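Asks: For reference, the structure I am asking about is given below.
The values are calculated or read from the model by the stated rules, or taken from the named source; none is laboratory data. What you see is a predicted model, and the numbers here were worked out from it, not measured in a lab. We place every Cβ from the backbone using ideal geometry, glycine too, and count neighbours over all the protein chains shown. Surface areas here come from the heavy atoms of the whole protein model, side chains and all, with no ligands, DNA or RNA. Shrake-Rupley method; radii C 1.70, N 1.55, O 1.52, S 1.80 Å.
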Amino acid sequence: MATLGIDFGTSNSAVATLVNGKIKRIQVEPDNDTLPTSVFFDFDDQIVQFGSVANQNLLNGSDGRYMRALKSVLGTGLMAERRMIIGKKFDFYDIISEFLSALKSRAEQSEGVVFDHAISGRPVYFHSDDAARNAKAEQDLRECYRRAGFKSVEFMFEPEAAALAAHASSRGDGGLGLIVDIGGGTSDYCLFETGKNSKINIVASHGVRLGGTNFDKVLNLEYFMPLLGRGAQIKKMMSEGVVTAPNSIFHDLATWEKIPFCYTPELKNTVRDLQRQAFEPELFKRLGRLIADRAGHELAFMAERAKITANQTEHGAAKIDLDLIDDGLYVGINQADLARIMSDLCQVIDRSVQDTLDNAGCKPEQVSEVIYVGGSSQMHMVQAVLRGIFPHAKFRLSGVFTAVVDGLALAIDNS
Ligand SMILES: Nc1ncnc2c1ncn2[C@@H]1O[C@H](COP(=O)(O)OP(=O)(O)OP(=O)(O)O)[C@@H](O)[C@H]1O
Ligand SMILES: [Mg+2]
């Protein structure tokens, strides 16, 4: 029975297997070891597209329904909600299993074998503070694998898989290593010992539901949404006085997995009322236009790009054009601004790393190497947090987007 290692990520996914004891990543998209975890229901052709093709369809303005951050829905009440799309009823189990099934069949085509068994990564906590939801999220993902046609699935903590891969690529010095995997949806840690033989010993794994999509959301809320009415004052409808525009609209529109549900007639009516009652009606006119154009995902992509650009801009401010909101509109964001608005998120990362050490009864000075995995570990402010905790450790980036899937492939040996 052939086994496929699957890193089903919030933002990106990858698959790999083990051939003659060696990792073989399978390119499920041309010339790429990973693909965006995105789905596009194409209304014209009545088909479902995945990965980069799904993203292209969204950005080209094709008529359809786009979805991203599907992993964040696992364990929530949204999973079982059924919606009519391209003439069929889909719930989130179906949508995620469509994506997993595409990975399965592309891998099978590439390798010429049937992958009946999956070894899948999972975050240590899908939901940090809710044990029942966390357990339900794994059950949900198991059900998605079943519907995708896998006969069985085994789960492994993503940072433990990354530890296997990091150790295989570079043997440590016998001290404690710490994987810091900050992805799109969660931050995951694994403290491990490298023994005398080739094996590693897992000392502690921990995590928190916080990732790059949270950074995107904060940037979107702080920089973009005020231009669409967030925080604006509105005259009350039935009485004297003023209130602040309801924040929930802006939160939903800045949350990847909630954006597809923002384009309702009710919300359009609410925005029309807000425009009528606002002191600055042009803000809500823009909001109404954005919703009518179903451009929430595009704005979220702009927030993600702005985050990455500002993170890479060492001096001065990155100029972010916001023609999508209004002609000629732009904002400037620099790294210091970014660190300021994200300081609460960085504190959560700080706390969760300290908790990982506490759970293991370890002191920071016992950690000789910190290994960064996951796209968001490239954020300077995240690395500043880690340098603060481990002033004497060595730091390295290791297969930022592929360490987890590599480790899952290595784990096939024992599965
Ligand atoms: N150069 C960069 N600088 C900062 N952030 C980046 C960079 N490149 C990618 N990211 C962010 O990394 C995140 C994706 O990372 P990754 O692919 O590791 O996540 P994932 O594995 O899909 O998510 P998870 O493991 O949390 O389910 C996105 O939020 C993306 O914006
Ligand atoms: Mg990941």
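Asks: Of the residues Ser101, Ser239, Ser120, which exhibits the maximal mean-square fluctuation in a Gaussian network model of the chain defined by a 10 Å Cα contact cut-off?
Replies: Per the Cα network of the chain with a 10 Å cutoff, Ser239 tops the list.
Asks: Let me ask you something else. Write down the percent of antiparallel bridges among all DSSP beta bridges whose residues are both part of the stretch 1-133, to the nearest 5. Provide the component values of the computation, followed by the final result.
Replies: Working: 23 of 28 bridges.
Here the antiparallel bridges make up roughly 80 percent for the stretch 1-133.
Asks: Kindly provide the helix-only [θ] at 222 nm of the chain, computed as the sum of -39,500 (n - 2.57) over DSSP H runs of four or more divided by all residues, to the nearest 500 deg cm²/dmol?
Replies: It comes out at -12000 deg cm²/dmol, rounded to the nearest 500.
Asks: Quick one: pull the percent of accessible area on the chain belonging to carbon and sulfur, 1.4 Å probe, ligands and nucleic acids left out.
Replies: Whole-percent figure for carbon plus sulfur exposure: 47.
Asks: Which order do His117, His251 take when ranked by solvent-accessible area (1.4 Å probe, heavy atoms of all protein chains), largest first?
Replies: Numbers: His117 20, His251 60 Å².
The most accessible residue leads, giving His251, His117.
Asks: Would you mind working out the accessible area per residue for the stretch 1-145, using a 1.4 Å probe, and quoting it in Å²?
Replies: Heavy-atom accessible area per residue stands at 41 Å².
Asks: Would you mind classifying the chain by shape? Square roots of the alpha carbon gyration tensor eigenvalues, ordered a ≥ b ≥ c; an a/c under 1.5 is rounded, otherwise it is prolate if a/b is larger than b/c and oblate if not.
Replies: Working: a/c = 2.09, a/b = 1.37, b/c = 1.52.
Oblate shape, in that a/c is at least 1.5 and b/c is the bigger or equal ratio.
Asks: Explain nothing, just compute: Karplus ³J(HN,Hα) = 6.51 cos²θ - 1.76 cosθ + 1.60, θ = phi - 60°, for every residue of the stretch 117-131 in order, whole Hz, x for Gly and Pro.
Replies: Values, residue by residue: 10, 10, 10, 10, x, 8, x, 4, 10, 5, 10, 4, 9, 9, 4 Hz.
Asks: Would you mind estimating how fast the stretch 209-280 diffuses translationally, via Stokes-Einstein at 37 °C and 0.692 mPa s with the Kirkwood radius over Cα pairs, in µm²/s?
Replies: Rounded to a whole number, D works out at 249 µm²/s.
Asks: Explain nothing, just compute: Karplus ³J(HN,Hα) = 6.51 cos²θ - 1.76 cosθ + 1.60, θ = phi - 60°, for every residue of the stretch 306-319 in order, whole Hz, x for Gly and Pro.
Replies: 4, 4, 5, 5, 5, 5, 8, 8, 6, 10, x, 10, 7, 8
Asks: Could you give me the ³J(HN,Hα) list for the stretch 60-67, computed from phi with Karplus coefficients 6.51, -1.76, 1.60 and θ = phi - 60°, whole Hz, x at Gly and Pro?
Replies: Along the stretch 60-67, the couplings run 7, x, 4, 7, x, 10, 9, 9 Hz.
Asks: Between exposed GluC sites (Glu not before Pro) in the chain, where DSSP calls loop and at most 12 other Cβ atoms lie within 10 Å, what's the longest gap?
Replies: 82-239
Asks: So, one more: Over the stretch 287-329, average the accessible area per residue using a 1.4 Å probe and give it in Å², no decimals.
Replies: Using a 1.4 Å probe on heavy atoms only, each residue of the stretch 287-329 averages 49 Å².
Asks: For the stretch 213-331, which semi-axes, largest first and in whole Å, follow from the square roots of 5 times the eigenvalues of its Cα gyration tensor?
Replies: Square roots of five times the eigenvalues give 26, 15, 12 Å.
Asks: Arrange the residues Arg396, Arg133 by how much accessible surface each exposes, largest first, with a 1.4 angstrom probe.
Replies: Descending accessible area places them as Arg133, Arg396.
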